[in-house]
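The values are calculated or read from the model by the stated rules, or taken from the named source; none is laboratory data. Since the structure is predicted, the reported quantities are computational estimates derived from the model, not experimental observations. Neighbour counts run over all protein chains shown; Cβ positions are idealised from the backbone, glycine included. Areas reflect the complete protein model, heavy atoms only, side chains present, ligands, DNA and RNA absent. Shrake-Rupley method; radii C 1.70, N 1.55, O 1.52, S 1.80 Å.
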Amino acid sequence: MPTAMKKKLPGLSRFVVLLLFLLGTLLPFYWMFVTSLKSRLEIYGAKLTFWPKDLTWDNYATTFQASSFPKYFANSFIVSISSGLLVLAVSILGGYALARYRFRGKGVIMLLFLATQMVPVMVMLVPLFIVFGKFELLDTLTALIITYTALNIPFCLITISGFFQRVPVALEEAAMIDGCGRLATVVRIILPIMLPGIVATFVFAFTAAWNDLFFGVMFTTSEAVKTVPVGLNSFVQKFDINWGEMSAGGVLSLIPVAILFAFIQRFIVAGLSQGAVKG
């Protein structure tokens, strides 16, 4: 084998592996999109088709007109944005304290935060259900906001703490020497530097709340408070599954998250890089 070919072989192998991985990742999304454009007769037909014979948008029209999908979208936005902002606020305050202050039990607190990520979410269902029932919060968006906020705070707080640790303390000391208070120093100097990390943390909290089905099914029953994942689950009926409408709803549910990532992807990449490289 020629020497030039030997040099190109490792790069070609990596390209093939990454290409196969990409195709495997995109295949479910492609199949969901194609199914959303098929008629019910073609979906349940004996012959498998990789593109609709008779392309139709009826599934999208039915999803919006014959269901409460617009309401599901509104509920998901309210829950995801509210819990994301609450998680971000608590994580910034707690992360700064863990990164900048020394106190007894700090290591234990960090260990407990990490330990919460090992606890199955099913274990928390019964205690949360009892508490929300006593406070009459079942079947409300408030219950979902509280749940997602509590679940996402430990991981996001540890993440934000790591970003704070990578910002030199000398920047704060210089600002304080110039007469800037601690709060003003954090708001005006530290947080702008950490913007990529803050955005990445918010996106994690937002998507975790947006995609959750388990607690949505357990804590909501009425159409007025269902979220998008719960709404998609409602297409699975006792004796039938509306694959076309479910696929159309799935495609629509991807649009907000895709737009979010398109606008802030540069912040996410910078945030991940900032968290991986010690400054």
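Things worth noting here:
- Positive-end residue, the chain charge dipole about Cα centroid, Cβ charges, pick of Phe132, Phe29, Trp243: Phe29
- Positive-pole candidate from Asn59, Leu88, Phe69, dipole of the chain, charges at beta carbon: Leu88
- Unit charges on C-beta of K, R, D, E only; dipole of the chain, Debye: 1120 debye
- Angle in degrees between helix 121-134 and the longest Cα principal axis of the chain, rounded to the nearest 10: 90 degrees
- Relative to the current alpha-carbon distance between Lys53 and Leu195, full extension at 0.36 nm per residue lengthens the span by 46.3 nm.
- Taking the accessible area of region 48-89, probe 1.4 Å, and keeping the other protein chains in place, the carbon and sulfur fraction comes to 68%.
- Excluding ligands, DNA and RNA, the accessible surface per residue across the chain is 60 Å² with a 1.4 Å probe.
- Distance between the 7 Å Cα→Cβ label points at Tyr44 and Val131: 4.5 nm.
- For region 115-154, the list of chymotrypsin sites (Phe, Trp or Tyr not before Pro) that fall in a loop by DSSP and count at most 14 other C-beta atoms within 10 angstrom reads Phe135.
- Extension gain for Phe214-Ile81 works out to 46.0 nm (0.36 nm per residue, less the C-alpha to C-alpha distance).
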